[in-house]
Structures are given as structure tokens and as C-alpha cells.
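Take a look at the structure below.
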Amino acid sequence: MKRFIGIFVLILGVIIVSGCGDKIEPGKHKIERPVVEGVIVEKLMPMEVTEFYEASGTVRAVNTSVIASKVMGDVKDIKVNVSDSVRKGDLMLVINSPDIAARAETAREALGEADNALKMAEQNKWLTEKTFSRFRKLYEQKAVTEQEFDEIKTKRQVASLEYDLSK
């Protein structure tokens, strides 16, 4: 094995030394290039090509989003097309949801009832204020008992609390 490595190193050294022999001086050696024959120069002219290339592929968007609705219902109207760009908060479609419509109607009715209750509380407060003011004058003139005046005072406080709760 050592003999084989020694012979290999000797052959490699001979190759390296023999490759360094003939040096070509720059600019003194002429490069001979072969002459190319049979080449024709043509002028290009535009022309119609009837051939076409057909290929199939898949186009995928760079950004995709999953769209979901918080309510169930039928799609009533679509506000965007397939290639339209959309931003956060843009209206894309209208959903007809009977459940939501029923809740909205119930809320409108409750609001109407609350408005009526506020008006009633306001009227009741106004009436008890007037009654209290009359009874105070009568109480000062000793025309009503203290019990009657206390009842009117309590009714006035209750009417005021009812009005505050109705607001």
C-alpha cells in the first residue's frame, strides 16, 4: 500500500513539473480562428402567426380570506364581483334573516313602550309636584293633617324615583 501511494505521488509530481514547461509570452502568440462559411444574413419582417399554444394551469391569489357570517339566513343581495378588491369593513352582501328582523321589531316595540313609560312617569311627577305644592300651602294653613301631608310627600318621592328609573 505504501508503495502504491509512493508511485502515485511520483506520477503526480511528474505531471505538475511537465505542465509548467512551455510558457506563452503575452501578445506574441497568434490565435487562429476557423473561418465560418455558409452563413446567410436575413432581414426580419413581422408577420401574422396563426399557430397558438394552449396550456392549462391554476391561478391562485396571493392573499385569501375566509368569509363567515355571524347570522344564518338567505343571501338577499351581493355587493361585490369576483375580481373586486375589498377592505376590512366593506359591505359584501346582504343577508335576509327572519330571526334578526323579528328581534329588531321586538326592540323597536320595546323602545316605544319605554318612551310611553317615560312620558307617563314625567306626567305623574308633574302632577305630584303640583299636588305637593298645594298640600304644603294647605298644611301651612292647618287645613290638612300631618298624615295627609306625609302621604303626598311620599307620593312625590315615589313619582320622582319612577321618573329617574324611566330615563
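The values are calculated or read from the model by the stated rules, or taken from the named source; none is laboratory data. Everything numeric here is computed off the predicted structure, so don't read it as measured data. So basically every Cβ, Gly included, is an ideal-geometry build from the backbone, and we count neighbours across all protein chains shown. Just so you know, the surface numbers come from the protein's heavy atoms only, side chains and all, with ligands and any DNA or RNA stripped out. Shrake-Rupley method; radii C 1.70, N 1.55, O 1.52, S 1.80 Å.
Relative protection proxy for 109-118, 37-46, from highest mean packing down: 109-118, 37-46 (other beta-carbon atoms within 10 angstrom). Over the chain, DSSP H runs of length four or greater, each weighted -39,500 (n - 2.57), average out per residue to a 222 nm ellipticity of -17500 deg cm²/dmol. Rounded to whole numbers, the Karplus 3J(HN,Hα) couplings from phi for the range 118-126 are 5, 4, 5, 5, 5, 5, 5, 5, 4 Hz, using 6.51 cos²θ - 1.76 cosθ + 1.60 with θ = phi - 60°, and x at Gly and Pro.
Counted by Cβ distance under 15 Å from Ile152, the other residues give a net charge of +2, where Lys and Arg count +1 and Asp and Glu count -1.
Farthest toward the dipole's positive end in the range 44-167, which of Met72, Phe132, Asn116, given Cβ charges of +1 (Lys, Arg) and -1 (Asp, Glu) about the Cα centre? Final value for the positive-end residue is Phe132. The residues of the range 66-167 expose on average 86 square angstrom of accessible surface per residue, using a 1.4 Å probe on protein heavy atoms.
Placing Phe135, Phe4, Phe149 in order of accessible area, with the largest value first and a 1.4 Å probe, yields Phe4, Phe135, Phe149. Within the straight-line cut-off of under 18 Å between alpha carbons, the lysines reachable from Lys130 are Lys119, Lys153, Lys155, sequence neighbours fewer than 8 places apart in one chain being disregarded.
Surface composition of the chain: carbon plus sulfur atoms hold 57% of the accessible area, using a 1.4 angstrom probe and ignoring ligands, DNA and RNA. May I ask for the net charge around Leu93, where only other residues with Cβ less than 11 Å from the Cβ of Leu93 are counted and Lys, Arg are +1 while Asp, Glu are -1? Once positives and negatives cancel, what remains is -1. Bridging of Lys79 to aspartates and glutamates at a Cα separation below 19 Å is possible for Asp90, once same-chain residues fewer than 8 apart are set aside. Residues in the range 2-16 carry Karplus couplings, in order, of 5, 5, 4, 5, x, 5, 5, 5, 5, 5, 4, x, 5, 5, 5 Hz; the curve used is 6.51 cos²θ - 1.76 cosθ + 1.60 with θ = phi - 60°, and Gly or Pro positions show x.
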